[in-house]
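The values are calculated or read from the model by the stated rules, or taken from the named source; none is laboratory data. For clarity, every value in this text was computed on a predicted model and none was experimentally measured. When we count neighbours, we look across all protein chains shown, and the Cβ atoms used for this are built from the backbone with ideal geometry, even at glycine. SASA here: full protein model, heavy atoms, side chains in, ligands and nucleic acids out. Shrake-Rupley method; radii C 1.70, N 1.55, O 1.52, S 1.80 Å.
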Amino acid sequence: MRSQWVKSRKNDTIRTQLHYAKKGIITEEMQYVANIEHLSAEVVRKEVEKGRLILPANINHTNLEPMGIGIAVRTKINSNIGSSALASSIEEEVQKTLISIKYGADTIMDLSTGGDLDSIRKAVIQNSSVPIGTVPIYQILHDIKNDINALTIDKMLEVMEKQAQQGVSYFTIHCGFLLEHMPLLAKRKMGIVSRGGSLMAAWMLHYHKQNPFYEAFDDILEICQKHDVSLSLGDSLRPGCLADSSDQAQLSELGILGELTLRAWEKDVQVMVEGPGHVPLNEIERNVELQKELCHEAPFYVLGPLVTDIAAGYDHIASAMGAALAAWKGVAMLCYVTPKEHLGLPNAKDVREGIIAYKIAAHAADIARGRINARIRDDAMSHARYNFDWNKQFELALDPERAREYHDESLPQEVFKDAKFCSMCGPKFCSYKISQDIIEGAQQEKEKELA
């Protein structure tokens with residue numbers, strides 16, 4: 001389907017969704033997003049034109065199902081996958097891709113740093129109906145044999161052009177961290193926790209030159225415009241602990257990202273802005289408001305944020321708490337955190353746990369925002385629970401397999417079919433059954449009186 005849409009526009013000079021929106025044109029991708037979000041196509045077009053909504057849809061990813069990231073649509077979640085230098089397998093990354101899609105990831109970031117990166121990325125894109133994002137510096141470093149000082153602008157652009165041709169729909173680039181920000185790091189407890197940010201810091205310190213991604217920003221925009229690759233402006237100086245939250249380093253970089261957002265829009269390149277990180281609950285709303293102000297309401301995409309530093313092994317829970325609040329206050333997309341955060345490379349099981357935690361956070365935020373039809377599923381679940389419709393309950397659950405598994409492990413199948421109770425209360429203490437009996441008895445009494 002999408003291949004036909006892209007083919008019909010092949011002779012257009014610029015083929016980004018932002019370019020068409022500015023011209024007043026509703027593309028098939030915009031119409032598709034409008035349909036699934038229960039919005040008018042004109043609302044979608046206007047939001048894209050304003051830069052408040054992006055449709056990451058590289059023209060080379062033809063099996064993509066269009067989706068939107070922005071305040072006007074439902075909250076999205078991203079799943080991070082990727083190999084490492086210690087563990088790399090195309091098959092495992094494809095499995096993570098399929099699990100991510102199965103459990104509801106709206107986008108996937110391939111953060112591979114080990115193995116055959118081009119082949120891994122190709123396989124991931126081929127098996128994905130959702131947009132794929134990357135952090136190009138990971139492959140750049142891989143290709144220059146892990147010697148960051150060998151990085152050149154030509155190599156940067158070569159890698160980004162190759163990934164764009166493969167079908168990557170958005171790049172995270174660490175372009176807002178400038179040489180003049182380096183002294184601010186001395187005030188921090190944990191310095192730089194971003195991999196991309198630390199690599200830029202090493203390069204800038206070695207050469208005492210400006211960030212090459214900042215210097216080559218116009219060239220990067222040309223690549224993005226050519227293939228309709230969206231930019232995810234990375235937060236190199238995001239706080240890695242509560243002590244560093246909302247500090248001068250973080251906010252100084254955010255201001256530069258706002259300037260770069262305007263430059264990207266001038267070239268018809270779609271933009272979202274990345275955010276923290278580790279943030280106490282009481283600072284999350286302020287962070288969201290600052291991003292809106294400094295970055296001109298470009299969609300905000302946050303990692304977590306984690307609201308405590310001591311939940312190792314349970315960081316998917318600690319971060320989902322912050323994610324729900326952030327999304328309620330205006331964040332457009334949440335990057336999931338798995339139980340392995342800070343501890344190791346996530347496997348397929350960890351991916352599932354992270355996605356479900358974040359689907360809960362995103363859905364809770366959509367209900368709080370009053371999103372169109374956000375609570376329909378919840379109300380249907382309430383009806384199914386009250387009427388002991390177990391199969392419907394499993395069907396409506398965010399993770400149907402887990403819901404059925406937990407139910408069935410304590411209630412035999414032969415009992416389950418018609419059970420008017422669960423193993424928590426049993427048949428004598430089930431509040432639903434007691435309520436139904438009370439209501440039924442009251443109705444019978446009323447009928448007798450009328451008779």
Check whether at least one residue in the range 299-322 is under 19 Å from Gly133 (Cβ atoms), among the aromatic types (Phe, Trp, Tyr) and under 17 Å from the mean Cα position of the chain (by Cα), and report yes or no. yes
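Residues to consider are Gly322, Gly277; find the one that is surrounded by 19 or more Cβ atoms within 10 Å (Cβ to Cβ) and at pLDDT below 95. Give the steps one after another, and end with the answer.
Numbers: Gly322 fails: at pLDDT below 95.
Among Gly322, Gly277, only Gly277 is surrounded by 19 or more Cβ atoms within 10 Å (Cβ to Cβ) and at pLDDT below 95.
Is it fair to say Arg74 is in contact with a strand residue (DSSP E or B) (Cβ under 6 Å, 6 or more places away or on another chain) and open to solvent by 50 Å² or more (accessible area, probe 1.4 Å)? Quick ask: steps written out before the conclusion?
On the way: in contact with a strand residue (DSSP E or B) (Cβ under 6 Å, 6 or more places away or on another chain): no; open to solvent by 50 Å² or more (accessible area, probe 1.4 Å): yes.
Against the criterion (in contact with a strand residue (DSSP E or B) (Cβ under 6 Å, 6 or more places away or on another chain) and open to solvent by 50 Å² or more (accessible area, probe 1.4 Å)), Arg74 does not qualify.
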Of all residues in the range 221-241, count the ones that are surrounded by 19 or more Cβ atoms within 10 Å (Cβ to Cβ) and either under 19 Å from Arg195 (Cβ atoms) or free of Cβ contacts under 8 Å to residues at least 40 places away in the same chain (or both). 10
Looking only at the range 368-377, decide whether some residue is within 21 Å of the chain's Cα centre (by Cα), open to solvent by 40 Å² or more (accessible area, probe 1.4 Å) and either under 14 Å from Ile317 (Cβ atoms) or among the hydrophobic types (A, V, I, L, M, F, W, C) (or both). yes
Looking at the range 12-40, which of its residues are over 20 Å from Val229 (Cβ atoms), assigned to a loop (DSSP other than H, G, I, E, B) and open to solvent by 80 Å² or more (accessible area, probe 1.4 Å)? His38
For the range 368-386, check the following and say yes or no: at least one residue is out of contact with any Ser or Thr (no Cβ under 9 Å at 6 or more places or on another chain) and hydroxyl-bearing (Ser, Thr, Tyr). yes
Gly304: modelled with pLDDT under 95 and either in contact with a Gly (Cβ under 7 Å, 6 or more places away or on another chain) or of a type in the set (S, T, N, Q) (or both), yes or no? yes
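Run down Glu37, Glu29, Glu65 and say which single residue is under 25 Å from Lys122 (Cα atoms) and within 18 Å of the chain's Cα centre (by Cα). First the steps, then the outcome.
Numbers: Glu37 fails: under 25 Å from Lys122 (Cα atoms); Glu29 fails: within 18 Å of the chain's Cα centre (by Cα).
The match here is Glu65.
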So Gln139, is it surrounded by fewer than 16 Cβ atoms within 10 Å (Cβ to Cβ) and under 25 Å from the mean Cα position of the chain (by Cα): no
Consider only pairs whose beta carbons are under 6 Å apart and that are at least six residues apart or on different chains; among these, list those whose first residue lies in the range 247-258 and is of a type in the set (A, V, I, L, M, F, W, C) and whose second residue is open to solvent by 20 Å² or more (accessible area, probe 1.4 Å) and at pLDDT 95 or above. Ala249/Leu184; Leu254/Leu294
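Select, from Ile69, Ile59, the only residue that is in contact with a strand residue (DSSP E or B) (Cβ under 7 Å, 6 or more places away or on another chain) and open to solvent by less than 40 Å² (accessible area, probe 1.4 Å).
Working: Ile59 fails: in contact with a strand residue (DSSP E or B) (Cβ under 7 Å, 6 or more places away or on another chain).
Of Ile69, Ile59, the one residue that is in contact with a strand residue (DSSP E or B) (Cβ under 7 Å, 6 or more places away or on another chain) and open to solvent by less than 40 Å² (accessible area, probe 1.4 Å) is Ile69.
Residue-by-condition table, conditions (1) of a type outside the set (Val, Ile, Thr); (2) touching a residue at least 60 places away in the same chain (Cβ under 8 Å); (3) in contact with a strand residue (DSSP E or B) (Cβ under 9 Å, 6 or more places away or on another chain):
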position	(1), (2), (3)
Ala298	yes, yes, yes
Ile310	no, no, no
Tyr336	yes, yes, yes
Ile355	no, yes, yes
Ala374	yes, yes, no
Would you please name the residue that is nearest to Ala164 (Cα to Cα), looking only at residues in the range 242-259 that are in contact with a helix residue (DSSP H, G or I) (Cβ under 6 Å, 6 or more places away or on another chain) and assigned to a helix (DSSP H, G or I)? Gly258
Please determine, by comparing only the residues of the range 392-413 that are farther than 24 Å from Tyr358 by Cα and either open to solvent by 50 Å² or more (accessible area, probe 1.4 Å) or touching a Leu at 6+ places or on another chain (Cβ under 9 Å) (or both), which one is modelled with the highest pLDDT. Glu409
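Looking for whichever is of a type in the set (Asp, Glu) and under 30 Å from Phe171 (Cα atoms) here; the options are Asp309, Asp379. Which one fits? Write out each step before concluding.
On the way: Asp379 fails: under 30 Å from Phe171 (Cα atoms).
Unique residue meeting the criteria: Asp309.
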